[in-house]
Amino acid sequence: MIKPFRLGLIINPLAGLGGSVGLKGSDDLAEQALSLGAVPMAEQRARVCLSQLLPLRERVHIVTVAGEMGAALCHELGFNVEVCYVPPAAPTTANDTEQAAALLAEQGIDLLLFAGGDGTARNICHIVGDRTTVLGIPAGCKIHSGVYAISPLAAGKLLAKLVAGELVSQQEAAVMDIDEIAFRQGVVKARRYGEMRIPAELRYVQSVKMAGKESEELVLDDLAAYVVGQMQENVRYVMGSGSTVAAVMAELGLENTLLGVDVIENGQLLAKDVTASQLLDLVAAYPSKLLITLIGGQGHVFGRGNQQLSPAVIRAIGRDNIILLATKTKLQQLGGRPLLADTGDMALDRELQGLLSVLTGYNDYVMYRLGYEDDKNDE
C-alpha cells in the first residue's frame with residue numbers, strides 16, 4: 001500500500017482583503033476592508049489549488065486547522081482530514097498562523113501549503129524556517145516573496161506532481177515583506193526576512209520582485225511622452241500602479257497614486273486611488289482604456305498589488321483596450337518566461353492569454369506572450 005502524501009494546510013482567511021478596496025494591504029485592516037465591501041478570497045483560491053488534487057484524493061492526507069483556516073474547505077472537497085489546531089476566537093490572527101505552523105512542523109508532513117500574502121509567509125518562516133518544504137498559494141495584496149506559486153492553479157499542478165511521485169527538486173527562496181504604512185504613502189521598503197525551502201519548479205513558482213534601474217529613466221521619459229501624445233479625447237484612461245505608469249502621470253503633470261489606481265479623462269484627474277467597485281462604475285458605460293505595466297522579475301500583469309482591476313473591470317474595458325507598458329530591460333529580466341495573469345477568474349486568465357503588443361519606448365513595440373501555451377485547456 002502506498003503511503004499517503006501528508007499535506008499540511010493553513011489558509012489565512014483575511015489575506016488580500018484590502019486589495020480590491022484600495023487599502024494596499026490587509027495587516028490590521030480586516031474590519032475596515034470588510035466594511036468597504038471587500039470579499040474574502042483566500043479560501044476560494046485555496047479551492048482552485050486543491051481541486052487539482054481531487055483525482056489523487058485517496059493518496060492525500062491533509063493535516064490542517066479547524067474551520068475557515070483549512071478544515072472546512074477540505075471536508076467540503078472530500079479529503080481525508082486531520083485537525084491539529086483550533087483557533088480560540090474569530091477573526092483569526094497572525095498568532096493563529098504561527099501556532100498552527102509550529103504544530104504542523106511536528107506532524108511529519110511532506111509539505112506545508114499555505115494561502116496568504118507576504119505577511120503570512122513571514123509568520124510561517126518565523127516558526128518553520130527550513131524544517132519542512134513549503135509552497136504558498138498567492139492570496140494577498142502584495143506578493144514579493146519567492147515562496148509562492150505563480151497562481152493557485154499552478155500551485156495545484158505542482159502539488160499533483162509531488163503526490164503522483166514525480167521527481168521535483170528543491171531550492172531555497174526568499175521571504176520578503178514591505179512596510180505597509182510606508183506602502184500606503186507611496187514608498188516601497190522591502191526587507192528580507194529569511195528563506196524557506198520550496199519545490200524548485202520554476203515554471204510554477206514565481207521569482208522575487210525586482211526593482212527597476214536608474215538607467216531606464218530616459219526610456220521611461222520617451223515612453224511616457226509617446227503615450228500622452230496618443231491619448232484620445234473623451235476616453236477614460238485607467239492608470240494602473242507602478243513607476244512605469246507613474247512616468248505617464250508625471251508627463252501629464254498630474255498627481256499620481258504610485259501604488260493605487262487612478263482614472264483620467266481629457267488630461268484631467270477624474271478619480272484618485274479608486275476601489276474595484278468605484279472603478280467599475282467609472283468604466284462600465286464609457287469608452288475606456290487601461291494603462292498597465294508588469295512586475296519586474298515576476299512578470300505578473302494582473303493579480304499582484306492591483307486587485308482594484310477586478311475581473312469585472314477588465315472585462316468591461318476589454319482585452320483590446322489594454323495598453324501594456326514596459327521597458328525592454330524589464331522584459332529581459334523575465335529570461336523568456338511569459339507574462340502572467342492571476343485575476344482570480346481562470347476563464348478570464350485564459351481569455352487574456354496570447355501574444356500582446358508591449359509598448360517599450362517612443363513608438364517602439366515588441367510582441368510578448370502572456371500565459372503558458374498548454375494552460376489553455378486547464379479547467
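Mind checking which strands (runs of 3 or more DSSP E) fall wholly inside the stretch 32-132 and carry at least 2 residues that are in contact (Cβ under 8 Å) with a residue 60 or more places away in the chain and open to solvent by less than 20 Å² (accessible area, probe 1.4 Å)?
Strands (runs of 3 or more DSSP E) meeting the threshold: 111-116.
Just wondering, is there one or more residues in the stretch 217-236 that are of a type in the set (A, V, I, L, M), buried (at least 17 other Cβ atoms within 10 Å of the Cβ) and within 23 Å of ILE143 (Cα to Cα)?
Scanning the stretch 217-236 turns up no residue that is of a type in the set (A, V, I, L, M), buried (at least 17 other Cβ atoms within 10 Å of the Cβ) and within 23 Å of ILE143 (Cα to Cα).
Give SER277, SER243 a once-over and let me know the one that is open to solvent by 30 Å² or more (accessible area, probe 1.4 Å), under 19 Å from LEU325 (Cβ atoms) and at pLDDT below 95.
SER243
Can you name the residue in the stretch 299-315 that is of a type in the set (Val, Ile, Thr) and in a helix (DSSP H, G or I) and is also farthest from LEU352 (Cα to Cα) among such residues?
VAL313
Going by the structure shown, is LEU348 in contact (Cβ under 8 Å) with a residue 12 or more places away in the chain, part of a helix (DSSP H, G or I) and on the phi < 0 side of the Ramachandran plot?
yes
Residues that are touching a residue at least 40 places away in the same chain (Cβ under 8 Å), over 30 Å from LEU331 (Cα atoms) and open to solvent by 30 Å² or more (accessible area, probe 1.4 Å): does the stretch 258-270 have at least one? Quick ask: steps written out before the conclusion?
Here is the first cut: in the stretch 258-270, the residues touching a residue at least 40 places away in the same chain (Cβ under 8 Å) are 258-261.
Filter again for over 30 Å from LEU331 (Cα atoms), leaving none.
No.
Being open to solvent by less than 30 Å² (accessible area, probe 1.4 Å) and free of Cβ contacts under 8 Å to residues at least 60 places away in the same chain is the requirement here; does VAL147 meet it?
On the way: open to solvent by less than 30 Å² (accessible area, probe 1.4 Å): yes; free of Cβ contacts under 8 Å to residues at least 60 places away in the same chain: yes.
Yes; evaluated as a whole, the condition is true for this residue.
I'm trying to understand the selection: among the residues of the stretch 146-162, which are β-branched (Val, Ile, Thr) and over 13 Å from ARG203 (Cβ atoms)?
VAL147
Would you please name the residue that is modelled with the lowest pLDDT, looking only at residues in the stretch 169-214 that are of a type in the set (Asp, Glu) and surrounded by fewer than 17 Cβ atoms within 10 Å (Cβ to Cβ)?
Among those residues, the one meeting the criterion is GLU214.
Restricting to the stretch 283-304, name every residue that is crowded, with 19+ Cβ neighbours inside 10 Å, farther than 15 Å from VAL227 by Cβ, free of Cβ contacts under 8 Å to residues at least 60 places away in the same chain and of a type in the set (A, V, I, L, M).
Passing the criteria: VAL283, LEU294.
Mind counting the residues in the stretch 133-166 that are in contact with an Asp or Glu (Cβ under 8 Å, 6 or more places away or on another chain) and not charged (D, E, K, R)?
12
Given the condition under 28 Å from GLU265 (Cα atoms) and part of a helix (DSSP H, G or I), answer yes or no: does some residue in the stretch 353-376 qualify?
Within the stretch 353-376, none of the residues are under 28 Å from GLU265 (Cα atoms) and part of a helix (DSSP H, G or I).
Any idea which residue in the stretch 304-339 is farthest from ALA247 (Cα to Cα), counting only those that are touching a strand residue (DSSP E or B) at 6+ places or on another chain (Cβ under 8 Å) and of a type in the set (Lys, Arg)?
Per the stated criteria, the residue is ARG304.
Confirm whether THR329 is assigned to a helix (DSSP H, G or I), over 21 Å from VAL263 (Cβ atoms), in contact (Cβ under 8 Å) with a residue 60 or more places away in the chain and of a type in the set (Val, Ile, Thr).
Taking the combined requirement at face value, the residue satisfies it.
Quick one: which of VAL235, VAL263 is under 27 Å from the mean Cα position of the chain (by Cα), among the β-branched types (Val, Ile, Thr) and at pLDDT 95 or above?
So the residue among VAL235, VAL263 that is under 27 Å from the mean Cα position of the chain (by Cα), among the β-branched types (Val, Ile, Thr) and at pLDDT 95 or above is VAL263.
The values are calculated or read from the model by the stated rules, or taken from the named source; none is laboratory data. Note that this is a predicted model, so its numbers are computed, not measured. Here Cβ is always computed from backbone atoms with ideal geometry, including for glycine, and neighbour counts include all displayed protein chains. Areas reflect the complete protein model, heavy atoms only, side chains present, ligands, DNA and RNA absent. Shrake-Rupley method; radii C 1.70, N 1.55, O 1.52, S 1.80 Å.
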